[in-house]
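Data first, discussion second: the structure below is written as structure tokens.
The values are calculated or read from the model by the stated rules, or taken from the named source; none is laboratory data. Everything numeric here is computed off the predicted structure, so don't read it as measured data. Note that each Cβ is placed from the backbone with ideal geometry, even for glycine, and that neighbours are counted across all protein chains shown.
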Amino acid sequence: MSFLEPIVKLSNAVNSINEKYMALTYQEQSDLTIFGRLRYYNWTFEAWALGAVALVYATYLFGTRVNKSRASQLFQALAKGFEDLAFAKIGFSTNTAKNELFVAENNNTWFTSFVTGRACIESITVRAHLLARFNPMSILMEKVLGLFFSSLVADALDEFVEVTIVPNGVYVTSSAADLPKETNASANVVSKFKFISSIVNKGDMTKAREDNYFLSLTHTSESEKLPFEYVFMSESNQLSSIFEHYGGPEFKQLLSRCAHFLSYVAFTDLPEEKPVTDKLWERSQQPRCIIKTKMVTGSVDLASLNELIKAVVNIFDSASQEYAQNPAKAFVTNDMLRKSANLRSQELAKIAKVMKQAERDLLQEKKQDQEREKRRDLRSKMSGEEQDRLEQKMREKRERRQRNRQKVRM
Amino acid sequence: MNPQITNLAIMLIMMQVSRRLDMEDPTIVLYVRIAYGTSVALAWTIYQLARSKIVKTNDLTTLKYVAPANAMAGESEGKLQVTTVRDYDLKELDSAIKSIYTGLAMMGFMHLYMKYTNPLLMQSISPIKSALEHNEVKIHLFGKPAAGDLKRPFKAPSMFGGFGASPEAKTDKKSIEEAETAGHGGVKSE
């Protein structure tokens, strides 16, 4: 075949490299010493093969190291911000005395860091995903494939940082103050964050809604309260004002500075992945704030990201303080929360309906299988004559039904 | 006139022209190659000019519509698209530029590998014609207002008027509101 011609030519060329060596007779080869054979043999092909392996290894080292250095830059900058926010525990404990600031997974493409130990905030988890730079061929293939078949390509080409801030509802007046005695109080404060209110970059609107179940339940609205690069995606218009209420005008300026890397800031209690059962629905609810950005590098952008995290923590601090000390003054009123609860019960009802329908379909299928099995059993027990009679009966029944159907149509 | 009908007419005319040319003559083959290459290069330049105009204008007005369901992807309901005028325009232009690349690959295969020259001649007008008739080029290079047929989201062109046309995107308030809070996001593919 003509399209195999270049491969055949290449294979012939490779074979011809050592034509001289292969032409040696057994006796001639035996006469040569090992050193003589090594010298006589042409090692060009092997040298190229070794060179290719070395190149792959060098690319692997380069790719993983570039990713690690980028992640180090990101997490070290964020760690300074977490220290300013007075978190007791930053990073992960190890067997040695030194803490690990972050952990790397999947050949340095996924990085995770975790901080905890603070009033009002239970934890902050930072996850970063970087390109698989150690395998440039796969990046190239994905890009070319994505150009023509975008739906076939996974999100492996996305580089992003996701910061998840989880509140704990424990408010203390000072660092030396005792923890509140009422255990229910903190749970009560956390329950006040059960709503969806977010600011989404206009460049990421469709993708954010496609990737996040909670955003696909919100209305999209433009507002003068936001820089022109963003929109609100909230359950109700009233909830959109939470950012301005607690963040003040500085928050708008901060958003402007983050416009080129920020995808969204979202307060939510619902999951990113759509729950398909009521049990999953119950299990996956957790009030939190998610900040999603593109991969952030450079000291200016990292400082802006740190400021953004601080601003969100400040919102949780201020809101928790209001709920703990003066609930009547709090921005999120009971009426807003009631509306949110309504939406949740409607969504749960939708899930229950789909589940019931699926159960019914499954039952119906099972019933049909059983009937088919029963009929087969019955037929196997019958004699040949009886089987013919039954078939005749069934045929007549089918014809009668068909006739009746035709009559109805006429 | 409907662009698809004129495309058909041009194709028929070019077929007649190609029958009168000696495609074995290397000089004619060279001229046909130059004509096709120039047409593709011009079309690409027109799209790039429109692209740079879109980026410069940076119109971030929000655009919401319910895209028709894609039966090939197994969708039964339309999908809500929330985008900006800038991103919508860039997406439309990118798909047009992509079609140039696909055409180039097809013609390259037909001409260089299969050694046909006729398709090259027949395709030497349509790239530039498509570029000049593209809605984005009309809006951004010819300065036509984005109203009527040029209102976003654009209607898919149909050769026989309304008959056989692909379903249109819904832009009415009710459909958008229903799709907006339907909770179709976050569905992870298995």
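Is there a residue being surrounded by 11 or more Cβ atoms within 10 Å (Cβ to Cβ), modelled with pLDDT under 90, over 27 Å from the mean Cα position of the chain (by Cα) and of a type in the set (A, V, I, L, M, F, W, C) anywhere in the stretch A:149-171?
no
I'd like to verify a number: residues in the stretch A:88-114 that are part of a loop (DSSP other than H, G, I, E, B), in contact with a strand residue (DSSP E or B) (Cβ under 7 Å, 6 or more places away or on another chain) and within 18 Å of A:V161 (Cβ to Cβ), how many?
4
Conditions (1) buried (at least 18 other Cβ atoms within 10 Å of the Cβ); (2) within 11 Å of chain B (Cβ to nearest Cβ); (3) hydroxyl-bearing (S, T, Y); (4) touching a Lys or Arg at 6+ places or on another chain (Cβ under 6 Å), marked per residue:
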{"position": "A:V189", "(1), (2), (3), (4)": "yes, no, no, no"}
{"position": "A:K194", "(1), (2), (3), (4)": "yes, no, no, no"}
{"position": "A:L217", "(1), (2), (3), (4)": "yes, yes, no, no"}
{"position": "A:E222", "(1), (2), (3), (4)": "no, yes, no, no"}
{"position": "A:F228", "(1), (2), (3), (4)": "no, yes, no, no"}
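Of the residues A:E373, A:E385, A:E347, A:E396, only one is under 30 Å from A:T277 (Cα atoms) and not assigned by TED's automatic domain parsing to the domain that holds A:K194; which?
A:E347
Is it the case, given these coordinates, that A:D204 is part of a helix (DSSP H, G or I), of a type in the set (D, E, K, R) and more than 9 Å from chain B (Cβ to nearest Cβ)?
Considered against the rule, which asks whether it is part of a helix (DSSP H, G or I), of a type in the set (D, E, K, R) and more than 9 Å from chain B (Cβ to nearest Cβ), A:D204 comes out as yes.
Just to be sure, is A:T206 closer than 30 Å to B:A105 by Cβ and either surrounded by 13 or more Cβ atoms within 10 Å (Cβ to Cβ) or not assigned by TED's automatic domain parsing to the domain that holds A:Q325 (or both)?
For A:T206, the condition - closer than 30 Å to B:A105 by Cβ and either surrounded by 13 or more Cβ atoms within 10 Å (Cβ to Cβ) or not assigned by TED's automatic domain parsing to the domain that holds A:Q325 (or both) - is met.
Please verify whether A:S234 is of a type in the set (G, A, S) and surrounded by fewer than 23 Cβ atoms within 10 Å (Cβ to Cβ), treating the condition exactly as stated.
So A:S234 fails the test.
For the stretch B:34-92, give me the residue count where each residue is under 30 Å from B:P119 (Cα atoms) and within 14 Å of chain A (Cβ to nearest Cβ).
Summing the residues that are under 30 Å from B:P119 (Cα atoms) and within 14 Å of chain A (Cβ to nearest Cβ) in the stretch B:34-92 gives 3.
Anything in the stretch A:278-303 that is hydroxyl-bearing (S, T, Y) and in a strand (DSSP E or B)? List them, or say none.
A:T293 - this is the single residue of the stretch A:278-303 that is hydroxyl-bearing (S, T, Y) and in a strand (DSSP E or B).
Are there any pairs with C-beta distances below 6 angstrom linking a residue in the stretch A:240-267 that is part of a helix (DSSP H, G or I) to a residue that is among the charged types (D, E, K, R), with the two at least 6 apart or on different chains, and if so which?
Going by the 6 Å Cβ cut-off, the qualifying pairs are A:E244/A:K225; A:L254/A:E307.
Considering the stretch A:115-138 alone, what residues qualify as being among the hydrophobic types (A, V, I, L, M, F, W, C) and over 19 Å from the mean Cα position of the chain (by Cα)?
Answer for the stretch A:115-138, where residues must be among the hydrophobic types (A, V, I, L, M, F, W, C) and over 19 Å from the mean Cα position of the chain (by Cα): A:V115, A:A119, A:C120, A:I121, A:F134, A:M137.
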